[in-house]
1. When you scan region A:60-73, do you find a residue that is within 14 Å of chain B (Cβ to nearest Cβ) and β-branched (Val, Ile, Thr), even just one?
2. Within the set of pairs 6+ apart or on separate chains, which have a first residue in region B:223-234 that is without any contact (Cβ under 8 Å) to a residue 24 or more places away in the chain, a second that is not polar (S, T, N, Q), and C-beta atoms under 6 Å apart?
3. How about region B:225-272: which of its residues are surrounded by 13 or more Cβ atoms within 10 Å (Cβ to Cβ), among the β-branched types (Val, Ile, Thr) and more than 10 Å from chain A (Cβ to nearest Cβ)?
4. Can you tell me which residue among B:ARG364, B:ARG373 is in a helix (DSSP H, G or I) and among the basic types (Lys, Arg)?
5. Scan region B:282-302 and tell me whether some residue there is assigned to a strand (DSSP E or B), closer than 29 Å to B:SER376 by Cβ and modelled with pLDDT of 95 or more.
6. Please list, ordered by first then second residue, the pairs with beta carbon atoms under 8 Å, 6 or more apart or interchain, first in region A:14-38 and within 17 Å of A:GLY72 (Cα to Cα), second in a loop (DSSP other than H, G, I, E, B) and small (Gly, Ala, Ser).
7. Going through B:LEU500, B:LEU491, B:LEU480 one at a time, which residue ends up being within 25 Å of B:TYR151 (Cα to Cα) and buried (at least 17 other Cβ atoms within 10 Å of the Cβ)?
8. Given the condition under 25 Å from B:GLY270 (Cα atoms), of a type outside the set (D, E, K, R) and at pLDDT 95 or above, answer yes or no: does some residue in region B:425-433 qualify?
Amino acid sequence: MAGYKEVSVAGYEDFMQAVEQHNGKTVFAYFSGSKDAEGKSWCPDCVQAEPVVREGLKHVGEGCVFIYCQVGEKPYWKDPNNDFRKKLKLTAVPTLLKYGTPHKLVESECLQANLVEMLFSED
Amino acid sequence: MSPGPVRGATPNRRLGSVRGVSVLSPPGRRARPSAPETSRLSSAAREELRRRLLGLIEGHRVVIFSKSYCPHSARVKELFSSLGVECNILELDQVDNGASVQEVLSEITHQNTVPNIFVNKVHVGGCDRTFQAHQSGLLQKLLQEDPAYDYDLIVIGGGSGGLACAQEAAVLGRKVMVLDFVAPSPQGTSWGLGGTCVNVGCVPKKLMHQAALLGQALTDSRRFGWEFSQQVKHNWGTLTEAVQTHVGSLNWGCRLSLREKAVAYVNAHGEFVEHHKVKATNGKGQKTCYTAAKFVIATGERPRYLGIQGDKEYCITSDDLFSLPYCPGATLVVGASYVALECAGFLAGLGLEVTVMVRSVLLRGFDQEMAERLGSSLERLGVRFLRKFVPVAVLQLEKGSPGRLKVVARSTEGPETVEGVYNTVLLAIGRDSCTKGIGLEKIGVKINEKNGRIPVNDMEQTTVPYVYAVGDVLEGKPQLTPVAMQAGKLLARRLFGGRLEKCDYVNVPTVVFTPLEYGCCGLSEERAAQEYQRENLEVYHTVFWPLEWTVACRDNNACYAKIICNKLDNERVIGFHILGPNAGEITQGFAAAMKCGLTKRLLDDTVGIHPTCAEVFTTLEITKSSGLDIMQKGC
């Protein structure tokens, strides 16, 4: 079992709070379209990528933090002025990134196990 | 002339008869049905031909030297075809140095007839021997894939040329590795994957150039009605942070791209230890060895130092400038290369005090008239030039970020010395190839001892047949990112994709991104006069005043355009030069036109776009030979 801590958040404010709380740690974040009552996201790519990301997490280093962030409903996401787009410069979901670095994978890149592994095991 | 496709399961590849152009003949000569040719090979030509043949033999699973009308050759080709084996065939009667090839082959194999067959680099023999080998089972054994090497290709150097070559080879289905390692600069600067262009060259340079241009635009904007009361200042930290963020995303992009194509990337220094084998040493000193069938050296260059007191200790170079954690302040730029002038330009454009110390001429190798005009434009920006001086010592007066440095310089024309105090000294006197310490001498790759560059033939092949080179490290080729990328890509296609196209190094456009940009394509006036004689040239020129500069009240004689035409060839445009805003964007289109054989007449027939700067090229009238004045009046 890799020694990472998982934090689940929803929305931009929650996300930034989680980042603050874990200042000084290596933080990975996965942004997904929000899940409904049955636990299914409106974003089909996010649904497909999640198991690949979870598999990749097994390679992550000790003491890392993994933030699973639900961004919101589809209309909110499509709004070009939403906080994720404007402040975090996200362009699509799913996005998997290492916070504070240019290391990120977007959309279909998140489906490729070798790329996901590379992002998680980067020194 | 070439026979139809050989019947059988697998189409065989004819090296010598694709579109009638021989892979072995000098470029530009078309193949003919050969008349008997007497061998007049000089020993240098013989050596060259031998090297190429060995390269062919090393590079393909089956090589058949054949003649298209020879029945024994036909039998052998059918045999391989029936075995489903792809062959590479050179028809000696269809290349115009066929007799020479046959002669050199005879030296290599002691067989002077065709067909002459090699399987996995082993000389099998002629038709009879090949059939015997087939019957005895030997042929099948020889055909088995050689598992000896870890990789099909190892590229040493992960810059523009190396990455382009590696990725193309991977796309063509090969097993490829890239070794990239950046030794920290004397000031301790290092960077990620992508090479000089991405990290400490083109990309950060252009962004800083843009920063300087925006500063100028702010000044001009007042004349166009923009009103702002606060003093506009520049924050160096904000700029470098933004630039490095972008560079970081490019480093990541390179990593992603390699991983997606399954190219193995190791952040380690590669060094040849014996033929076909390199030792890779990473940042922690761990060593691993790898073997490959072929290698490409793409290690590029690093800035040169002066070899004087205090140079490595106190001076910075372009390696350090783009990530400098403090504003450089008053800067002395030593050198007159385009790197020196571009850096001097944007530093001055950002409001810093800049001095340029030049040993002799500006932009050696470029058109000198353009170089001098460019120099004047920098002077107008406030850059101070110290011409005909070389630094002899750099002393630290005060530590700091930046500190204060004293530079003592001596005149090149006499005993006069001059002293100056600066916050930063930036050395831009040239770059040295990274070809020492990578074991080239162990395997016999010849380099130019003076400058470290690697001489290659027109297939980018070094003196060792399985070792190739691309990029800045090449002797006698333009040191530009697009050239390296093109050469790398085409090389991979020739090695692994069965293609024949070679890199075209003629009429490569380039731009100096000083605040007033200088774009050129083709020959300088000096080179043109040398090659064609001055009386055969017609040079058309003009100064021009960009419309945007009128309201801004900027100089009306600073921008200049000229074309050099060959009178003996329909006034073909053989040199294109422009000093003006956006020269970078303007030059690209004219470079393409020159590839199509642009002439003065075609230019005159082209209708200009108005109002632009580029349109001046469609209405050039005054020639240098007429002696008429081109200066504009008033302002």
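1. From region A:60-73, those within 14 Å of chain B (Cβ to nearest Cβ) are none; that's our starting set.
No, region A:60-73 contains no residue that is within 14 Å of chain B (Cβ to nearest Cβ) and β-branched (Val, Ile, Thr).
2. Qualifying pairs under 6 Å: B:VAL232/B:LEU218.
3. Within region B:225-272, B:THR240, B:VAL243, B:VAL263, B:VAL266 qualify.
4. On the way: B:ARG364 fails: in a helix (DSSP H, G or I).
B:ARG373 is the lone residue from the list that is in a helix (DSSP H, G or I) and among the basic types (Lys, Arg).
5. Step one: list which residues in region B:282-302 are assigned to a strand (DSSP E or B), which gives B:282, B:287-297, B:301-302.
From the residues that got through so far, the ones that are closer than 29 Å to B:SER376 by Cβ too are none.
Checking region B:282-302: not a single residue is assigned to a strand (DSSP E or B), closer than 29 Å to B:SER376 by Cβ and modelled with pLDDT of 95 or more.
6. A:GLY33/A:GLY72; A:SER34/A:GLY72
7. Going through B:LEU500, B:LEU491, B:LEU480 in turn, the sole match is B:LEU491.
8. Applying the first criterion (under 25 Å from B:GLY270 (Cα atoms)) to region B:425-433 yields B:430-433.
Cutting the leftovers down to of a type outside the set (D, E, K, R) gives us B:430, B:433.
Next cut, at pLDDT 95 or above only: B:430, B:433.
Yes, the conditions are met somewhere in region B:425-433.
The values are calculated or read from the model by the stated rules, or taken from the named source; none is laboratory data. From a predicted model like this one, the values you see are computed outputs, not experimental measurements. Every residue, glycine among them, receives a Cβ derived from its backbone with ideal geometry; neighbour counts consider all protein chains shown.
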